[in-house]
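In what follows, a single structure is set out as structure tokens and then discussed.
The values are calculated or read from the model by the stated rules, or taken from the named source; none is laboratory data. Here the structure is a predicted model, which is why all the values come from computation and not from measurement. Positions of Cβ are backbone-derived with ideal geometry, glycine not excepted, and every protein chain shown enters the neighbour counts.
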Amino acid sequence: MAIPIDEAERVQHEAERLGLYGVVNPLIRRVTKSGNNLAIYIPKEFEERLGLKKGTKVKLWLQEDQICVQTA
């Protein structure tokens, strides 16, 4: 038995609203300015978990309306 697409979309949106689907508990950060560039500070817990330090190289790219960051 198939679920109508509009019902599936409604359930998905409700799951996202409740934090049951997609990114769970995202952190909100402000964009700041450093010289002529914009900057976003990485939380200490991300730094420690990913082993980031000053000089770590990262790759940046756009994916639709998202900025993606990955260690190089």
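Numerical summary
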{"read-out": "Strands (runs of 3 or more DSSP E) fully within the chain counting 2 or more residues that are not hydrophobic (A, V, I, L, M, F, W, C)", "value": "32-34, 58-63, 66-71"}
{"read-out": "Residue in the stretch 14-38 that is modelled with the lowest pLDDT, counting only those that are over 16 Å from Gln66 (Cβ atoms) and small (Gly, Ala, Ser)", "value": "Gly19"}
{"read-out": "Leading residue by the ranking (farthest from Ala8 (Cα to Cα)) among those in the stretch 23-47 that are surrounded by 10 or more Cβ atoms within 10 Å (Cβ to Cβ) and not hydrophobic (A, V, I, L, M, F, W, C)", "value": "Thr32"}
{"read-out": "Residue in the stretch 52-69 that is within 15 Å of the chain's Cα centre (by Cα), exposed (fewer than 10 other Cβ atoms within 10 Å of the Cβ) and of a type in the set (S, T, N, Q) present", "value": "yes"}
